[in-house]
Each structure stands twice: as C-alpha cells, then as structure tokens.
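What follows is one structure encoded as structure tokens, with my remarks underneath.
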Amino acid sequence: MNETPYPPLPNVRRIVEDGAGRINRYPDHATGALLAALSARLEVPQAQIVVGPGSAGLCQHLIQALGPQRGEVVHAALSFEAYPLLIANAGARPVPVPLAGYRHDLAAMAAAVTPDTRCVLLCNPNNPTGAVLHRAEIDEFLDRLPPEVMVIVDEAYREFVTDPDVPDMVQHAKGRENVCVLRTFSKAYGLAALRVGYAVAPPGVATATRMLGGVFFPNSFGQAAAVASLDTVAEAELATRCAELARYRQQLTERLLGLGLPVAPSEANFVWLPLGTDAEPFTERCRRAGILVRGYPGLGVRVTVGDTGANERLCAVASNFVSTGLSAVVS
C-alpha cells in the first residue's frame, strides 16, 4: 500500500493520544484550523483549498463536481488502479491512454481529448511506475488543451521527488484556471489511517467539490494531526525522512539491478519491476517469504521502499528468485 516505514512524528502521536479523551465531541465541520494552516503553508487562498478523506476520495469528488455535462475522463494506463473506479463512481467513463514506456504519453492523451472530455488525470510521480513529468512538457500539454478541460494533477508522492525539474504544481499552476492539484497526508506524512487529503483548485471548482464531501470529514484526529504535521519542526523532520528514504530507494534500485532484475527509474517511495510474465511468480515468492508487494499480472511488480532491514529481506528473496528461476516457483 506504499505506506511509510517511519512511525508517526512524536508531536503528532501526542496530539492523537491526548485527543482520545474528547472523542465524544464532533470534529470541526469547517476544518478551519487545517484550512488556515494549509493556506499559510501553500500561500493559496482558503477558498481554493478543499480538505477531505484522502486524495483518492477528493479525486472522485472533483470529477463529480466537474460533471455531468461531459462524460469522459482521460487518464494514463498503467496508472493508479483506483482511477477507473473513481471515474465510474463520479458518473463518468474512463478513457485509458497507454503509457510511453513508464511515462504518460502526453501527446496521445492530448489527442484523446474530445468535446465530451470532462477532465484529464495526471499522476506525478506515476503510480505504479514511479516515472515523472517535467515542467516544460506539462506546460506544453496544458497549452494544447481547450481551456474548459480541467486537468487534475495527482501529487500523492510529491514529497519523495528529488528531480529539480519536476514542478510543484500548486505553485507552478498559479494563474491557470484549468488545473486542480491533489495532495495527501497518507504517504510521506504517515497519516494513512487518519485519511486526510486536500485539493487546490480554482475557487468555483473548489466550492462545488466542497459541497459533495461527507459531513465531518476529516475527523478530529486527522485534522489535528495534519495541522501539527505542517509546523516547522515537523516539516524539518519530514524533509530528513524523505531524504533518507530517497537514499534507500537508490540503494534498493542498485541492488535489484545488480541481481539482474529490471528496475524503472523512480521518484516515489516505491520502485517498479517490469517483469512481464514473471510478475505473478515473483509476487507469490515474496508472499511466501512474508513480504507483500503489488503484482500486476503480465506487467510488473510495485515494491514499496522500506528501511534497510526490509529492503535486505526483499533483496534476499529477489536473489533466490533469480538464481532458482521459474521452475522452482511453479513447483
């Protein structure tokens, strides 16, 4: 599930523990403190920010808010496996566009846009391949689209990016009226169980999306933990953790390549092994060893980067897989 290997930040854990005595009270339905903290952190007006149950939930709300006049949503394939479901739940039809290697094929995605296109989804870094889109190509893509077609950029893994040419779309898209950006506290911030995400969108889209959200989401723990995660002390610790995880990612990539396995370049907290028909046997071998990876039959395997110990266990399984081959797995 691409969870962080790190425990909750100490001040965040204390806030959740201290809040246990107040679970008889409803959360702030306006999420005032969190909106204020995000607005200050992002330098974006509160009217453009929507808080909700993770970036995936907000993705569905955004797509729904942009309808129903247009019925199609263009997205990359292979990308986040929940997109087709989220699109269908929002009353639209998915239009998958094959990747170019490990990356979005932006030219083909632009060509797939029709008068019935409600919006386009970009996942950057892409899940599950870890590939990224760069500043110039995103600008060129946005310039090619009709201004009424909204582009939703899913930046769930933004904090793990080290490539300086990958734009922070919250800042980079300022002034564009057809860009929405999704972020989450579930990944780098380690609040996966609390389900807190946010979207930055044009004011009209933000208002329409806000009206579709569930009442009293996120809960009190999620709101308080997210606010605490944005203070300067927590942000400094987060930066340290993300830098360390980037080193683990590089080490894991080099180890797996050294074993003879294909590994795609990644800017996320996972790596993609394009194993083709070996994807299912490799996934099963990992499962037998007590390691859960995400297998895509006939395509590849997504491996979440862990700490040194977890990565060593994975590499031991990978080494055995390479040395024994498919016959040992099938038997």
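Derivation of every value follows stated rules applied to the coordinates shown; laboratory data play no part. All values reported here derive from a predicted model rather than from experimental measurement. Note that we place each Cβ from the backbone using ideal geometry, even for glycine, and neighbour counts take in every protein chain shown.
Quick notes on this one:
- Contour minus Cα-Cα distance for E284 and T324 (0.36 nm per residue): 13.0 nm
- log₁₀ of I(q)/I(0) at q = 0.12, 0.16 Å⁻¹ - the stretch 10-230, Debye sum with one point per alpha carbon: -0.61, -1.07
- Protection proxy ranking of 204-210, 48-54 - average other beta-carbon atoms within 10 Å, highest first: 48-54, 204-210
- Over all pairs of different C-alpha atoms in the stretch 178-255, the reciprocal of the mean inverse distance, the Kirkwood hydrodynamic radius, equals 14.6 Å.
- Distance between the pseudo-spin-label points of Q46 and T240 (7 Å out from Cα toward the beta carbon): 3.3 nm.
- Packing-based ranking, highest mean first, of 95-106, 297-308, 23-34, 228-239 given that Cβ atoms within 10 Å are counted: 297-308, 95-106, 228-239, 23-34
- Given +1 at the Cβ of Lys and Arg, -1 at the Cβ of Asp and Glu and no other charges, the dipole of the chain around its Cα centre is 740 debye to the nearest 20.
- Approximate shape of the stretch 234-322 as ellipsoid semi-axes (Cα gyration tensor, √5λ), whole Å, largest first: 24, 13, 12
- Taken over the stretch 79-124, the convex hull of the Cα atoms encloses 72 Å³ per residue.
- Site pair I23 and R247 shows an inter-label distance of 3.8 nm when each label is modelled 7 Å from Cα along Cα→Cβ.
- The modelled label-to-label distance between E148 and V215, using points 7 Å beyond Cα along the C-beta direction, is 3.5 nm.
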